[in-house]
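The values are calculated or read from the model by the stated rules, or taken from the named source; none is laboratory data. It should be emphasised that the depicted structure is a prediction, and the values quoted were computed from it without experimental measurement. Methodologically, a virtual Cβ is constructed for each residue, glycine included, from the backbone with ideal geometry; neighbour enumeration extends over all protein chains shown.
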Amino acid sequence: MTEITPVDIQDDLVALARDFAANEIRPVAAHYDEVEETPWDPFYKAAEIGLTCYDLPEHLGGGGIMDLTTAARIHEELVFGDAAIGNFIGSASFFAGTVIALGDEAQQERWVRPLTGPKPKLGALATTEPEAGSDASSITTYAEKVDGGYKLNGSKTWISNAGVASFYIVFATVAPGTRSKGITAFIVEDGDEGFTVGNKLHKLGQRAIPTHEIFFKDVFLPEDRRIGAEGMGFKGLMRKFDESRVVLAAGEVGMARAAFEYAVEYATERKAFGAPIHVNQAVSFRLADVKMKMDQARLMVRHAALLADTGQDFATEAAMAKLAASEAAWFSAWACCQTLGGYSYSREYPAEKWLRDAKLEELWEGTSDIMRLIISRSLFPRV
């Protein structure tokens with residue numbers, strides 16, 4: 001069970017994030033998408049006011065706001081400013097959560113504290129492999145037990161923050177062929193001998209988040225680089241997935257809101273046949289559907305967050321929130337493009353970027369098909 005932040009403090013933090021998104025994120029979003037560069041300037045500005053580590057433990061230098069309810073509200077505002085920059089600013093908890101859940105005090109001090117302060121370092125979570133995406137239990141990156149530690153070999157792909165991160169949580173098997181039973185978490189540090197970062201992967205959307213393949217060739221990891229016991233990595237990963245899906249879903253509501261508000265404003269000002277285009281039911285009904293899907297998704301996010309914060313099982317609800325919110329974000333971006341008509345096809349308008357950015361939300365942290373699989377499994381006894 002996690003103590004939920006008082007509503008008045010939540011409101012203050014949300015207002016801070018909303019103001020930052022409007023003044024520091026939205027004005028530079030198109031630039032970073034165009035040049036595909038890491039958004040260091042808004043990141044460090046966010047760090048100066050605590051928005052990069054508010055959800056890390058206070059005793060490790062963070063803000064101590066540990067409940068998912070507050071994190072969801074804040075992340076919605078950051079991603080309302082821009083998906084890539086908002087997700088980049090909020091990336092610390094994706095790495096730190098596993099260290100906090102599985103690591104001892106010394107490991108938390110070593111690898112979580114550097115993520116705080118005005119010039120924080122970055123972490124990355126390395127799970128996906130060329131042949132192991134949605135089926136995380138089929139990981140083949142191998143950590144072989146050797147004298148004094150482990151020798152790591154293998155590769156990962158689609159790793160966000162790769163190339164700019166100082167620390168990587170790498171999920172590898174210590175017992176090939178045993179699927180989830182052998183999955184164990186390790187820390188690899190930038191500069192470790194045998195660890196290399198491949199070329200940047202150029203993406204459809206959310207281009208400001210650096211994404212690379214990474215490779216391990218006989219990387220020696222001392223015993224203290226293992227996070228948690230052997231075989232505990234998969235359990236820690238699944239718990240982190242549940243938490244991150246709630247936060248990502250909140251961001252997806254923010255994406256939906258951004259496209260929705262822009263489309264409503266455009267439909268109010270744009271005239272055709274002598275009247276604002278919103279008088280046409282094809283336009284107004286479409287935006288009514290966006291409003292419904294968006295608000296439904298937000299309620300599902302808040303519900304899943306509350307279950308998590310009160311110590312209840314929330315895996316199914318996290319999947320439901322992620323599915324509903326990602327599809328709401330895509331539908332809202334599509335509806336915005338339809339409302340703008342031909343202008344949506346121009347890169348001078350933000351609609352096409354929202355559409356590109358939204359597609360990723362239906363794919364990462366578990367595809368929509370995987371979310372439906374998780375939900376359906378909760379309906380029937382396992383056979």
Gly254 vs. criteria surrounded by 22 or more Cβ atoms within 10 Å (Cβ to Cβ) and closer than 30 Å to Ser368 by Cβ:
yes
Which of the residues spanning the range 257-277 are under 16 Å from Ser344 (Cβ atoms) and either assigned by TED's automatic domain parsing to the domain that holds Gly86 or assigned to a helix (DSSP H, G or I) (or both)?
Ala258, Ala259, Phe260, Glu261, Tyr262, Ala263, Val264, Glu265, Tyr266, Ala267, Glu269, Ile277
Please report, ordered by residue number, the helices (runs of 4 or more DSSP H) entirely within the range 284-383 with at least 1 residues that are touching a Cys at 6+ places or on another chain (Cβ under 7 Å) and in the same structural domain as Glu269 (by TED's automatic domain parsing).
351-361
Filtered residues of the range 111-126 (kept if part of a loop (DSSP other than H, G, I, E, B) and farther than 12 Å from Glu58 by Cα):
Pro118, Lys119, Pro120, Lys121, Leu122
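Here's the yes/no breakdown for (1) more than 24 Å from Phe234 (Cα to Cα); (2) buried (at least 24 other Cβ atoms within 10 Å of the Cβ); (3) assigned by TED's automatic domain parsing to the domain that holds Ala351; (4) among the acidic types (Asp, Glu):
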| residue | (1), (2), (3), (4) |
| --- | --- |
| Asn23 | yes, no, no, no |
| Glu36 | yes, no, no, yes |
| Phe43 | yes, no, no, no |
| Ile85 | yes, yes, no, no |
| Phe94 | no, no, no, no |
Return the only residue of Ala124, Ala92, Ala71 being over 30 Å from Val174 (Cα atoms) and within 13 Å of the chain's Cα centre (by Cα).
Ala71
Restricting to the range 319-351, and then to whatever is aromatic (Phe, Trp, Tyr) and touching a residue at least 12 places away in the same chain (Cβ under 8 Å), can you tell me which residue is nearest to Glu362 (Cα to Cα)?
Trp330
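I'd like to know if the range 45-56 contains one or more residues that are assigned to a helix (DSSP H, G or I) and without any contact (Cβ under 8 Å) to a residue 12 or more places away in the chain.
Within the range 45-56, not a single residue is assigned to a helix (DSSP H, G or I) and without any contact (Cβ under 8 Å) to a residue 12 or more places away in the chain.
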